[in-house]
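A.B. asks: This is the structure, below, for whatever I ask next.
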Amino acid sequence: MSQPIHNRGALTYNGEIYNFRDIARKRDLRTDSDSEVLFDLIDSIGIEAALGELDGDYAFAFASEGIIQLARDPAGVKPLYYGKSEGLFAFASEKKALSAIGITEMSSLKPGHVLTYRDSRIIEKNVTGFVRREKITDENLASDALFNAIEQSVKKRTYSPCAIAFSGGLDSSLIAALCPEAELYSVGMADSHDIIQTKKAAVRLGMENKLHLQELTVDDVVTALPDVIRAIESANPQKVSIAMPLFFASKNAHDDGLRVMLSGQGADELFAGYKRYESLGYDELENALLLDLNNIAENNIERDDAVTMANAVELRVPYLDREVVELALRIAPELKIKNSIRKHILRLAARKYIPDELAFKEKKAAQYSSGIYSAIEKLARKNGLKGEHITGRYLKWIKESLYY
């Protein structure tokens, strides 16, 4: 449906409401548009009550009677930035859209929050978040419930045709097994870990005919660097080297006519996938995971959304489904790291559907497993940089050349 939708108010919206048909049925609405259902819901019961009804990934703005309200989903899957300058209030899904109209000071609306702009005043309120219930300490109960939740999450996010950002590791392999009709997209430098692993994993899943594998050259990296830096609006070496594989994967999917891509983002923060979690006690681990979940939008999701949207591909993240997240918060930390095995409970859930070889595959950091960080470092040296932090200085130089 064309936007903005307007009647007594006006709505502009980005995202997917997965339960919109159920809401429409309850409200006796005949429509195939989730935006139309969202508009009717807000118009009838207001934004705060409406958010309690929604199951989805969204960012939207609603204007009525001189008031503008912005809202963002609990995980922050969809980005939403805003700023104010000389009486002008503006919002957008990209920072550079605000910069283009002269707004230099801008903020990201926090996940689960509603912002109200009225009479030149801005008020933010936390409206919807993840509910924390009683702990699950039984391993079998936790793994069964987790598998069912992830299965349903993938099912509701599957689109035909659908792509998967595939690394051959635990997280993406489970999504691929649950979505066998999808096409798998993977990239990496020649002979990198990701190139080798994705081939093996696709064969083990019986999906080798679905694998679209691009072995990157140094020239590919050089050509893509300005586009990636422009998309994520950062020259941070870690962010750029993590974003680049997803940039190429989504570009290749788009070139093949696909518009939706599933990603395993969020599994590490929910189930303790990073090596830095190993040294923590259980109370410390629980606090660290909660902190990382609260910051995942700013640290990871906004970056990933930016590079996929640069290729007109919608990113969907099954592990950040509300039911999956709330279940993860219930699972006791001692089930997440057990016998020094990170993501223990997720591995148990995954082995119901994928071979143990993949379920218990050790994680490697994306920026290194793809070989891209090393390629950028070599480019920095080739361009005459020496000493410390050469990768960051090289990327900063590219970024500055884009804007000056």
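The values are calculated or read from the model by the stated rules, or taken from the named source; none is laboratory data. Everything quoted here is computed from the prediction, not taken from an experiment. Cβ placement follows ideal geometry from the backbone for every residue including glycine, while neighbour counts extend to all protein chains displayed. Just the protein is used for accessible areas: all its heavy atoms, side chains included, with ligands, DNA and RNA removed. Shrake-Rupley method; radii C 1.70, N 1.55, O 1.52, S 1.80 Å.
A.B. asks: Could you give every pair whose Cβ atoms fall below 6 Å, whose first residue belongs to segment 146-164 and is closer than 21 Å to THR198 by Cα, and whose second residue is assigned to a strand (DSSP E or B) and of a type in the set (Phe, Trp, Tyr), counting only separations of at least 6 or pairs across chains?
C.D. replies: Sorted first by the residue in segment 146-164, then by its partner, the pairs are ALA163/TYR185.
A.B. asks: Of all residues in segment 274-321, which are open to solvent by 60 Å² or more (accessible area, probe 1.4 Å), within 26 Å of SER340 (Cβ to Cβ) and touching a strand residue (DSSP E or B) at 6+ places or on another chain (Cβ under 8 Å)?
C.D. replies: LYS275, GLU278
A.B. asks: Looking at segment 116-162 only, could you name the residues that are within 30 Å of LEU184 (Cα to Cα) and within 19 Å of the chain's Cα centre (by Cα)? Full working, then the answer.
C.D. replies: Step one: filter segment 116-162 for residues within 30 Å of LEU184 (Cα to Cα), giving 142-162.
Correct list: ALA149, ILE150, GLU151, GLN152, SER153, VAL154, LYS155, LYS156, ARG157, THR158, TYR159, CYS162.
A.B. asks: Could you say whether any residue in segment 257-268 is modelled with pLDDT of 95 or more and over 30 Å from LYS352 (Cα atoms)?
C.D. replies: There is at least one residue in segment 257-268 that is modelled with pLDDT of 95 or more and over 30 Å from LYS352 (Cα atoms).
A.B. asks: From ASP73, ASP43, ASP119, grab the single residue that is under 30 Å from GLN152 (Cβ atoms) and either of a type in the set (Phe, Trp, Tyr) or open to solvent by 40 Å² or more (accessible area, probe 1.4 Å) (or both). So that I can check it myself, show each step before the final result.
C.D. replies: Working: ASP73 fails: either of a type in the set (Phe, Trp, Tyr) or open to solvent by 40 Å² or more (accessible area, probe 1.4 Å) (or both); ASP119 fails: under 30 Å from GLN152 (Cβ atoms).
Just one listed residue meets the conditions, ASP43.
A.B. asks: Within the bounds of segment 143-151, is there any residue that is farther than 24 Å from TYR58 by Cα and among the aromatic types (Phe, Trp, Tyr)?
C.D. replies: So far as segment 143-151 goes, yes, one or more of its residues are farther than 24 Å from TYR58 by Cα and among the aromatic types (Phe, Trp, Tyr).
A.B. asks: On to the next question. Can you go through ASP268, ASP219, ASP256 and tell me which one is over 19 Å from VAL313 (Cβ atoms) and open to solvent by 60 Å² or more (accessible area, probe 1.4 Å)?
C.D. replies: The conditions single out ASP219.
A.B. asks: Every residue in segment 119-148 that is among the charged types (D, E, K, R), within 30 Å of LYS336 (Cβ to Cβ) and outside any loop (DSSP other than H, G, I, E, B), please. Steps first, answer last, please.
C.D. replies: If we filter segment 119-148 for residues that are among the charged types (D, E, K, R), which is where we start, we get 119, 121, 124-125, 132-135, 138-139, 144.
Subsequent filtering for residues that are within 30 Å of LYS336 (Cβ to Cβ) retains 132-135, 138-139, 144.
Residues satisfying the conditions are GLU139, ASP144.
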